[in-house]
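I have placed the structure first, in the form of structure tokens, so that the comments after it can refer back to it.
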Protein chains: 2
Amino acid sequence: MSKQTKYLLDDSRIPEAWYNINADLPVPLDPVLNPGTMQPATPDDFAPLFPMSLILQEVSSERWIEIPEPVREVYSLWRPTPLIRARRLEAVLDTPAHIYYKYEGVSPVGSHKPNTAVAQAFYNKDAGIKAMTTETGAGQWGSALAFACNLFDIDLEVYMVKVSYQQKPYRRIMMETYGAEVYASPSERTHSGKGILAQDPDSSGSLGIAISEAVEAAATSGGSKKYGIGSVLNHVLLHQTVIGQEAIEQMEMAGEYPDILVGCAGGGSNFAGLSYPFIHHKITKDLDTRIIAVEPAACPTLTKGKFTYDFGDTAAVAPVVKMYTLGHTFVPAGIHAGGLRYHGMSPSLSALVEHGLMEALAVGQLATFDAAVQFAKSEGIIAAPESAHAIKVVVDEALKCKESGEEKVILFNLSGHGHFDMTAYQAYLGGELEDYAYPAEAVAEAMTHLPDVS
Amino acid sequence: MSKQTKYLLDDSRIPEAWYNINADLPVPLDPVLNPGTMQPATPDDFAPLFPMSLILQEVSSERWIEIPEPVREVYSLWRPTPLIRARRLEAVLDTPAHIYYKYEGVSPVGSHKPNTAVAQAFYNKDAGIKAMTTETGAGQWGSALAFACNLFDIDLEVYMVKVSYQQKPYRRIMMETYGAEVYASPSERTHSGKGILAQDPDSSGSLGIAISEAVEAAATSGGSKKYGIGSVLNHVLLHQTVIGQEAIEQMEMAGEYPDILVGCAGGGSNFAGLSYPFIHHKITKDLDTRIIAVEPAACPTLTKGKFTYDFGDTAAVAPVVKMYTLGHTFVPAGIHAGGLRYHGMSPSLSALVEHGLMEALAVGQLATFDAAVQFAKSEGIIAAPESAHAIKVVVDEALKCKESGEEKVILFNLSGHGHFDMTAYQAYLGGELEDYAYPAEAVAEAMTHLPDVS
């Protein structure tokens, strides 16, 4: 075949270090605040939640952080992931653009999430921790941490948003197959959960509530359990940078460099994973690469939110960070991209948008599934609803190239497959999918509950 | 990392020809019979069902059949697939055996089935065919052909076993996402379906009935529709030999040669795909490689069936072939490995077992899921219930090596992931999974309905 489709790297090319954006931010991040005192948090404040090794990564400004060999060995079960040229999509769109995607759906759980789950499990094990807690929405993160905890022989309890626990049992079963215990949230196991249930016994839960429960379960365990988090925090985002580092090498194999990078952004981890190593280029080599975070119109944190201090969770027990937020009490509409239903955004990613080093776009649910089905029919892969948000913008940009005649190189992160999300496609094909406008009133109301950090 | 986990090949190493076992069989296969006349079928007898190019492949005795470039180009979306050393499973079993698996679950639909689906869609398109029909059980084959037909712009109607249509909607939605029309079988669309429904309006269907409907829909279309088949026939098996050819090259990269090959066998396609290129070695190089087909105890075609002429389908409209069979009226118990619930077995594979070039083992459902969960917890991948049958025998053989101290090299085909089969794992984890003994009486009864070919 004259035309190459895939660019593969062997085990030896798994990156040896994670890239830490803190080393290259235009200005340092504002401090994280202790939710109790509203004063800058010290590493000790985080000690009930995370092992010290991860806390030090969280606040580190070292540019490169070595990846431990046991983590690289687990990565080798599926990493390096393929970089694929979407030639069939290009042909269908009749665009001169060159479209590439980094495919993270080849991991055992079908998404990018294990990149940090494995690292977190390793550092917890290394610190002698025998049990962890976490929350999960539809289950992508929970299944990744269940996979990782099992490999490092750590017990895991997962607080899963109740509506997903009931309606989407497949990822719950996956977590249980890996040996995790899964509880519908809100639960009677925590003070936060009991409080919500006292107000509303039929609460279907939310990610914010589930975070509150998982954080509380770790913080009140007397040190026997630590908490694992799937996005937002810096140590999570840096673990994901293996994606972008591999992509840089694979784009070199293809003899091209992206003009445009695209990824979906909920808390920011898959987007940062692809884009931060390119941000490093952008800053140090003074490139003008466009870097676009795509979010749902129903939860437009970066495009409509405020860059300010807010809680990471609904019950206000998680740390307070400076970020783009729609207000920690905001509950997004029930879009199928559960991983993008978060009121906030990673602080570093928020800062990069604020400083103009990347940009953000919000897209509607129907247009997103239009693009996802077009992608499935051309490239074969049925994308996760979250990843489909990136596809929508890629298609738009490729069609702009068709109009302008520009041969731009577009690279996006296909962060996961949609094999657990077929009911979303069913709703789309059945004409039952709803579009949601920007929820201006609900956001305005939530903004009145921002913490006072003056 | 000193220890390599994955062995990858780039696009250029996608095989350029399929391997045809017919060239190397110890004795030629007995002729296929026309189900109407019980006389040896001519290529023209198949013409209502298949394009002539596939019929000629079916009867060819050429050893190598060139893979058309457009087929190789589609293969490049996911092929070559990785060969993975199961080091973590080896460690858990504490075995000196070296365990490798060829992982076909990386295809867009999550199984090996597209290897032949893409080829069949290509040859139909090349013959000017605009519509195809097929049957599917739980949907693995149907989704593969839906994926392939979409790429070659062919309409597809799928007859899906009714109980799966109702209880396992996810793969149905996948087929519909690729644009296929899916009907619950038995349906009112065919004579065969109507006949079954007249006898039993509540029939939950079977693979044999669905085959009858799909074959009839093509045969009575006046030439406008052809039929696609997912296993059993020679042209299907030969398309799968890309698996084994790649594995041979990847085992060379690993510096080893398998002592034991293992695969699950329903109709035989994934097993033949891995093993036939090694059979070529075994015959031409006089090797003593053990080659083991694994089937469910509930449907033990090779281990308990008879090597004789039988119909390929329940309604006796499909061709009559010499094969191991439990009788075409035999309906296996409702095990979760739907792809292994077939009364017959590929004729060439049957002949190779009969001639002692490969062997067969039957395993129970509970032991199979024990092994699958052990594999998921060590290697991370949740296997399809079909593929899990191979894992069970691999674990057994590896434990024998532990006892004997032998450092055998075991290679198996992990033909698909189980992300669409989580309810099976749920039943297992919940202690609700049934084991089924050999259904001796039902088989004896079915054997009384074998066709008279004297």
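The values are calculated or read from the model by the stated rules, or taken from the named source; none is laboratory data. From a predicted model like this one, the values you see are computed outputs, not experimental measurements. Neighbour counts are summed over all protein chains in view; Cβ atoms, including those assigned to glycine, are modelled from backbone coordinates with ideal geometry. When the accessible area is computed, the model is the full protein with side chains, heavy atoms only, and any ligands, DNA or RNA have been set aside. Shrake-Rupley method; radii C 1.70, N 1.55, O 1.52, S 1.80 Å.
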(message) Looking at region A:68-77 only, could you name the residues that are among the hydrophobic types (A, V, I, L, M, F, W, C) and either open to solvent by less than 10 Å² (accessible area, probe 1.4 Å) or more than 9 Å from every other protein chain (Cβ to nearest Cβ) (or both)?
(response) A:Val71, A:Val74
(request) Can you give me the ranges of the helices (runs of 4 or more DSSP H) entirely in region B:23-75 with at least 1 residues that are at pLDDT 95 or above? (result) B:52-59, B:69-75
(request) Hey, can you tell me all the residues within region A:283-327 that are in contact (Cβ under 8 Å) with a residue 60 or more places away in the chain and at positive phi? (result) A:Ala316, A:Gly327
(message) Residue under question is A:Ala198, and the condition is that it be touching a residue at least 24 places away in the same chain (Cβ under 8 Å) and not aromatic (Phe, Trp, Tyr); does it hold?
(response) no
(request) Could you check region B:370-452 for helices (runs of 4 or more DSSP H) lying wholly inside it with 3 or more residues that are within 22 Å of the chain's Cα centre (by Cα)? (result) B:385-404, B:422-429
(request) Please enumerate the residues belonging to region A:118-133 that are away from every other protein chain (no Cβ under 11 Å) and part of a helix (DSSP H, G or I). (result) A:Ala119, A:Gln120, A:Ala121, A:Phe122, A:Tyr123, A:Asn124, A:Lys125, A:Asp126
(message) Tell me the residue from B:Ile248, B:Ile279 that is more than 18 Å from B:Glu386 (Cβ to Cβ) and buried (at least 24 other Cβ atoms within 10 Å of the Cβ), please.
(response) B:Ile279
(message) Can you find a residue that is open to solvent by 30 Å² or more (accessible area, probe 1.4 Å), more than 21 Å from B:Gly244 (Cβ to Cβ) and modelled with pLDDT of 95 or more anywhere in region B:383-391?
(response) no
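Yes or no, residue by residue, for (1) in contact with a Leu (Cβ under 9 Å, 6 or more places away or on another chain); (2) over 30 Å from B:His419 (Cα atoms):
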position	(1), (2)
A:Lys6	yes, no
A:Asn22	yes, yes
A:Leu25	yes, yes
A:Trp64	no, yes
A:Val74	yes, no
A:Ala97	yes, yes
A:Lys102	yes, no
A:Gly110	no, no
A:Val118	yes, no
(message) Suppose we filter A:Asp10, A:Asp44 for residues that are within 14 Å of another protein chain (Cβ to nearest Cβ) and either charged (D, E, K, R) or open to solvent by 20 Å² or more (accessible area, probe 1.4 Å) (or both); which single one remains?
(response) A:Asp10
(message) Restricting to region A:116-156, name every residue that is surrounded by fewer than 22 Cβ atoms within 10 Å (Cβ to Cβ) and closer than 22 Å to B:Tyr428 by Cβ.
(response) A:Asn150, A:Asp153, A:Asp155
(message) I'm trying to understand the selection: among the residues of region A:427-454, which are open to solvent by less than 70 Å² (accessible area, probe 1.4 Å) and not aliphatic (A, V, I, L, M)?
(response) A:Tyr428, A:Gly430, A:Gly431, A:Tyr436, A:Pro439, A:Pro451
(request) For B:Ala333, state whether it is over 30 Å from B:Tyr257 (Cα atoms) and either within 16 Å of the chain's Cα centre (by Cα) or open to solvent by 10 Å² or more (accessible area, probe 1.4 Å) (or both). (result) yes
(request) Scan region B:81-107 for residues that are outside any helix (DSSP H, G or I) and open to solvent by 10 Å² or more (accessible area, probe 1.4 Å) and jot them down. (result) B:Pro82, B:Arg85, B:Asp94, B:Thr95, B:Pro96, B:His98, B:Tyr103
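Conditions (1) modelled with pLDDT under 95; (2) of a type in the set (S, T, N, Q); (3) not in a strand (DSSP E or B), marked per residue:
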{"residue": "B:Asn270", "(1), (2), (3)": "no, yes, yes"}
{"residue": "B:Thr303", "(1), (2), (3)": "no, yes, yes"}
{"residue": "B:Lys322", "(1), (2), (3)": "no, no, no"}
{"residue": "B:Gly327", "(1), (2), (3)": "no, no, yes"}
{"residue": "B:His336", "(1), (2), (3)": "yes, no, yes"}
{"residue": "B:Gly339", "(1), (2), (3)": "yes, no, yes"}
